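The values are calculated or read from the model by the stated rules, or taken from the named source; none is laboratory data. Keep in mind the model is a prediction, meaning the values are calculated, not measured. All Cβ positions, even for glycine, are placed from backbone atoms using ideal geometry, and neighbour counts span all protein chains on display.
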Amino acid sequence: MAKPMQIFTIGFTQKTAEEFFGLLQDNGVTLLVDIRLSPNSQLAGFTKQDNLPYFLDKLIGCAYDHEPRLAPSKELLGAYRQDKDWAAYETQYLALLAERGVPGALDKSMFEKKRACLLCSEPKADFCHRRLAAQYLQANWDGVTIIHI
């Protein structure tokens with residue numbers, strides 16, 4: 001029987017650094033998995049990839065990993081920003097994950113050994129690819145519970 005696994009998700013916009021790191025710490029997250037297409041964009045603020053591993057380690061003792069296989073493609077994200085067609089985006093994003101060989105291409109043991117949290121920018125998971133990625137992993141790995149923080 002597979003070991004039960006929790007996958008957390010979080011978005012950083014509309015959160016202060018104190019709220020963001022506090023939520024991670026309060027939920028015992030030990031690995032932040034960055035699934036953003038552009039982890040160093042101007043919008044990233046305190047979550048820029050160049051600084052985030054330092055903040056995570058020094059503030060809450062958390063590791064950092066960037067996992068571009070869970071990021072949308074530039075074309076897919078651009079199309080969604082133009083037409084706002086969530087149903088089309090969802091279908092195409094899930095097809096992209098399948099094309100990339102997710103979840104087989106990921107190190108599942110990394111998620112089993114640590115309390116992993118998928119990071120993106122959207123404040124809520126409803127219309128964010130982090131929810132889709134977590135659900136895709138849940139559908140393909142036994143015993144996964146998703147917690148959006």
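A few remarks follow.
- Boolean, Lys114 is surrounded by 16 or more Cβ atoms within 10 Å (Cβ to Cβ) and either out of contact with any helix residue (DSSP H, G or I) (no Cβ under 6 Å at 6 or more places or on another chain) or farther than 24 Å from Gly61 by Cβ (or both): yes
- Pair list, Cβ under 9 Å, 6 or more apart: region 126-139 residue in contact (Cβ under 8 Å) with a residue 60 or more places away in the chain and under 13 Å from Thr91 (Cα atoms), other residue part of a helix (DSSP H, G or I) and not hydrophobic (A, V, I, L, M, F, W, C): His129/Tyr89; His129/Glu90; His129/Tyr93; Ala133/Tyr93
- Only listed residue being over 15 Å from Arg130 (Cβ atoms) and under 17 Å from the mean Cα position of the chain (by Cα), chosen from Thr9, Thr47, Thr16, Thr30: Thr30
Table: residues versus (1) surrounded by 18 or more Cβ atoms within 10 Å (Cβ to Cβ); (2) more than 17 Å from the chain's Cα centre (by Cα); (3) among the basic types (Lys, Arg).
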position: Gly78; (1), (2), (3): no, yes, no
position: Gln82; (1), (2), (3): no, yes, no
position: Ala87; (1), (2), (3): no, yes, no
position: Glu99; (1), (2), (3): no, yes, no
position: Leu118; (1), (2), (3): yes, no, no
position: Glu122; (1), (2), (3): no, no, no
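- Exactly one residue out of Pro53, Pro68, Pro39, Pro72 is modelled with pLDDT of 95 or more and within 22 Å of Thr16 (Cβ to Cβ): that is Pro53.
- Restricting the search to strands (runs of 3 or more DSSP E) fully inside region 1-115 and requiring at least 2 residues that are under 22 Å from Ala139 (Cβ atoms) and touching a residue at least 60 places away in the same chain (Cβ under 8 Å) gives 5-11, 31-34.
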